[in-house]
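The values are calculated or read from the model by the stated rules, or taken from the named source; none is laboratory data. Only a predicted model underlies this, so the values are computations on that prediction, with no experimental measurement involved. Please note: Cβ atoms are built from the backbone with ideal geometry, for glycine as well, and neighbour counts cover all protein chains shown. Just the protein is used for accessible areas: all its heavy atoms, side chains included, with ligands, DNA and RNA removed. Shrake-Rupley method; radii C 1.70, N 1.55, O 1.52, S 1.80 Å.
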Amino acid sequence: MKYIRSRVQNRETVYGVWCSLASSICGEIVAGAGYDWMLLDVEHAPGSPATLLSQLQAAAAFPAVPVVRLPMSDRVWCKWALDLGASGIMFPNIDNAARAEEAVSFMQYPPYGVRGVGQAVRASDYGREFRRYAACAQRGLLGVMQIESPEAVEQCAAIAAVRGVDVLFVEPADLGASLELPETFADPRFMAALRGIADAARGHGKAAGILLPTPDLAPAVREMGYTFIGVGSDAALLAQALADNLKSLWASEK
């Protein structure tokens, strides 16, 4: 198992890529590209426990740490993802401290949480390393809470105060839509919301995270205090590369 929680808690800047194609081959390509972490999306991607397993297996040979975004804040989905070998969980739609506390409990074995204990699972080398895994998991698994709504923005300091919450994470499209600010980074009100989330995270010793469409936005969010930074997705990067390639071909005809 690979963990990144200590680096995140120390507020090192760590970069990741979204994996939204539910493909083990794309996952392998992303994992080998040199990023610190990779987000295996099962919320807005055609994923399942089977495709998630193949992605985690493909990533295992590389240093990139796999974090899984669940389709919902759900105990069973969380158990599946962790047993398969996820190093962290991103929970969508965390609007308040109570939901954050519930999400954290899904990640932890009793008596600290409600995660079911399956010993012979992939995360524990099929039972051969269960004691070691259980000890490491309690202190190593990364808890990432998505801030997606006006309520979450208002309650972000209380969410950050919850033990086991490591990152307050913004996906700009979701947050911008819920705040009715579709221009996102071009709107000062959206930027003010981003700054408030980063300040709340820092105030409780937690990290602030964000998904950026392009790297040119990274300096602005780093200045605010964002350190857990995702840039692009396998789907978007592939689509852009194909479009750029075709434009180059057309230009070569002139």
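Among the residues of segment 83-103, just one is within 15 Å of Ala161 (Cβ to Cβ), touching a Gly at 6+ places or on another chain (Cβ under 9 Å) and open to solvent by 10 Å² or more (accessible area, probe 1.4 Å), namely Glu101. Looking only at residues of segment 106-119 that are open to solvent by less than 80 Å² (accessible area, probe 1.4 Å) and aliphatic (A, V, I, L, M), we find that the one that is nearest to the chain's Cα centre (by Cα) is Met107. The residues listed here are Val76, Val68; of these, the one that is in a helix (DSSP H, G or I) and either touching a helix residue (DSSP H, G or I) at 6+ places or on another chain (Cβ under 7 Å) or farther than 16 Å from Leu39 by Cβ (or both) is Val76. Residue count for segment 120-157 under the criterion of being of a type in the set (Gly, Ala, Ser) and over 20 Å from the mean Cα position of the chain (by Cα): the result is 5. Quick check: anything in segment 194-201 of a type in the set (A, V, I, L, M), surrounded by 13 or more Cβ atoms within 10 Å (Cβ to Cβ) and not in a helix (DSSP H, G or I)? There is no residue in segment 194-201 that is of a type in the set (A, V, I, L, M), surrounded by 13 or more Cβ atoms within 10 Å (Cβ to Cβ) and not in a helix (DSSP H, G or I). Among the residues of segment 223-243, the ones that are part of a helix (DSSP H, G or I) and within 25 Å of Pro46 (Cβ to Cβ) come to 10 in all.
His204 falls short on exactly one of the conditions (1) under 20 Å from Val162 (Cβ atoms); (2) surrounded by 21 or more Cβ atoms within 10 Å (Cβ to Cβ), and that condition is (2). For Thr184, the stated conditions do not hold, so it cannot be described as modelled with pLDDT under 95, surrounded by fewer than 15 Cβ atoms within 10 Å (Cβ to Cβ) and within 23 Å of Thr13 (Cβ to Cβ).
Screening segment 54-69 for residues that are within 21 Å of Ala134 (Cβ to Cβ) and open to solvent by less than 40 Å² (accessible area, probe 1.4 Å) and picking the one that is farthest from the chain's Cα centre (by Cα) gives Leu56.
Out of curiosity, is Ala50 among the hydrophobic types (A, V, I, L, M, F, W, C), open to solvent by 30 Å² or more (accessible area, probe 1.4 Å), free of Cβ contacts under 8 Å to residues at least 12 places away in the same chain and within 26 Å of Leu175 (Cβ to Cβ)? Considered against the rule, which asks whether it is among the hydrophobic types (A, V, I, L, M, F, W, C), open to solvent by 30 Å² or more (accessible area, probe 1.4 Å), free of Cβ contacts under 8 Å to residues at least 12 places away in the same chain and within 26 Å of Leu175 (Cβ to Cβ), Ala50 comes out as no. Of all residues in segment 1-35, those being open to solvent by 40 Å² or more (accessible area, probe 1.4 Å) and part of a loop (DSSP other than H, G, I, E, B) number 12.
Contact map, segment 90-109: residues that are farther than 17 Å from Val67 by Cα and free of Cβ contacts under 8 Å to residues at least 40 places away in the same chain paired with residues that are basic (Lys, Arg) and open to solvent by less than 10 Å² (accessible area, probe 1.4 Å), Cβ distance under 7 Å, separation 6+ or inter-chain. Pairs shown: Tyr109/Arg115. I'm checking my understanding of the structure. Among residues of segment 130-157 that are of a type in the set (D, E, K, R) and either in contact with a strand residue (DSSP E or B) (Cβ under 9 Å, 6 or more places away or on another chain) or touching a residue at least 40 places away in the same chain (Cβ under 8 Å) (or both), which one is farthest from Arg7 (Cα to Cα)? It comes out as Glu151.
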